[in-house]
Amino acid sequence: MTIARRTACLGLAAAAAWSAGPARAQGKPLRLVVPYGPGGAPDILARLFAQELAGAYGTVVVENKAGAGGTLGADQVAKSAADSGVLLVTTAATHVINPSLYPNFPYDPVRDFTPVALVASTPLMLVTAASGPFRSLADVLAAARARPDAVSYASAGNGTMQHISGALMESLARVQATHVPYKGSGQVMPDLIAGRVGIMFNSVAAVATLVRGGQLRALAVTTRERLPAWPEVPTMAEAGLPGFEANAWYAVFGPPGLAPAEVQKAQRELQRVLEQPAVKERYATLGLEPLRGGPAELAELVRRDGQKWSGFLRERGIRSTD
């Protein structure tokens, strides 16, 4: 979680390639590669950016290249020429999770990309069936302690942030639960609502409607502080697991050797987009927090999170089954 698979249920259907606005410049279009299928948060962000960037770049095209948890699309950009007019709109998975998850990884997340900008983050929410037995994180942990594997937690696939969040819960609470991987967040929901699987960590955007509609119950959020939009939902730390924090972030990378002038232009234009009232409103609707970090901040985040999660994945023995 990877992360785009767990946000697939955001539900915006779109074509695999899309042109935003009339061309205002000659030459090749700017291509925004999304390493996941249509409908997830990276795809939604890319199409939002494409529409807003058309004035600065002319024709902007979104290309979905899904596969191997985002690795195929990211690898395409990693092997692109510096002047190919391509940028990658992606999640933390392609740069800090997948390198430790997949054997024979095809690219170096630092050497083979040019960091451009951080653009968004999203917290996760621990949810369960509203009709189910768990009314708090304490209930979940008590059940797990009473009988190993009594609690099952769903994810959109092995190694996604949903899976890793569940494994982090197990590790910090020193309990054992059963991981149930699905092939996408959308497939989880009927089973989760019906109580056929016990709990799930998922993006706030993916579960907000179901929680507000009374089909799911929110038990906790994975942020350090409570979310302003959900003041009644405690953090995982408040609910009984100090030190628990797991958030997803979204960023834009260029191919290796991208010219500094192009990096500066892309960062400047993306920051301009994030200031647009309509974009702010769309972010709020999706449960996304805007981030405005530049190349240096993004590079440091990749380094820091890469160290954090690679060690945890090794410790837990989490590997991809794809």
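Miscellaneous remarks
- Normalised by the number of residues in the stretch 111-255, the average gap of Cα pairs under 8 Å and 6 or more apart makes the relative contact order 41 percent.
- Maximal additional length on extending the K265-E63 stretch stands at 70.6 nm, based on 0.36 nm per residue less the C-alpha distance.
- Note on H179 and R196: the extension gain reaches 4.8 nm, defined as 0.36 nm multiplied by sequence separation minus the Cα-Cα distance.
- Alpha carbon convex hull of the chain, volume per residue in cubic angstrom: 117 Å³
- In the chain, taking the dipole from charged Cβ atoms about the Cα centre, the farthest positive-side position among G306, G317, G195 is held by G195.
- Per residue, the chain exposes 41 Å² of accessible surface when a 1.4 Å probe is rolled over the protein heavy atoms with every protein chain present.
- Centre separation in Å (Cα based) which lies between the stretch 78-120 and the stretch 183-206: 28 Å
- Debye log10 I(q)/I(0) at q = 0.15, 0.26 Å⁻¹ for the stretch 261-309, Cα point scatterers: -0.53, -0.94
- Counted charge near E262, where neighbours are those whose Cβ lies closer than 15 Å (Asp, Glu -1; Lys, Arg +1): +2
- Computed extension length for A229-R304: 24.2 nm, one decimal, from 0.36 nm per residue of separation with the Cα-Cα distance subtracted.
- Using a probe radius of 1.4 angstrom, the carbon and sulfur fraction of the accessible surface of the chain is 52%.
- Across the stretch 204-322, counting alpha-carbon atoms alone, Rg and Dmax equal 17.8, 50 Å.
- Each Lys or Arg adds one and each Asp or Glu subtracts one; over the other residues with Cβ under 15 Å from the Cβ of E315, this totals +4.
- Per-residue ellipticity at 222 nm from helix content only, as computed over the chain with -39500 (n - 2.57) for each DSSP H run of at least four residues, stands at -11500 deg cm²/dmol.
- Three-way shape call for the stretch 94-228 based on the alpha-carbon gyration tensor, with the a/c threshold at 1.5: prolate
- Dipole magnitude (debye, nearest 20) for the stretch 174-263, charges at Cβ of Lys, Arg, Asp, Glu: 300 debye
- Shape of the stretch 29-129, Cα gyration tensor, a/c cut at 1.5: oblate
- When only Cα pairs below 8 angstrom with a gap of at least 6 residues are kept, the stretch 213-322 shows a relative contact order of 13 percent.
- Prolate/oblate/rounded label for the stretch 40-90 (Cα gyration tensor, a/c 1.5): oblate
- Virtual paramagnetic centre 7 Å along Cα→Cβ of D139, amide N under 13 Å, in the stretch 207-242: 216-220
- Under 23 Å, Cα to Cα: Lys pairs in the chain, sequence gap 8 or more or different chains: 7
- Across the stretch 50-61, coupling constants 3J(HN,Hα) worked out from phi with the 6.51/-1.76/1.60 Karplus curve, θ = phi - 60°, read 4, 5, 7, 8, 4, x, 8, 10, x, 6, 10, 10 Hz, and Gly and Pro carry x.
- The local environment of A284, defined by Cβ-Cβ distances under 15 Å, has a net charge of 0 under the rule Lys, Arg +1 and Asp, Glu -1.
The values are calculated or read from the model by the stated rules, or taken from the named source; none is laboratory data. Given the structure is predicted, the values throughout are model-derived calculations rather than measurements. Cβ: placed from backbone, ideal geometry, glycine included. Neighbour counts: every protein chain shown. In case anyone asks, the SASA skips ligands and DNA or RNA and just uses the protein heavy atoms, side chains included. Shrake-Rupley method; radii C 1.70, N 1.55, O 1.52, S 1.80 Å.
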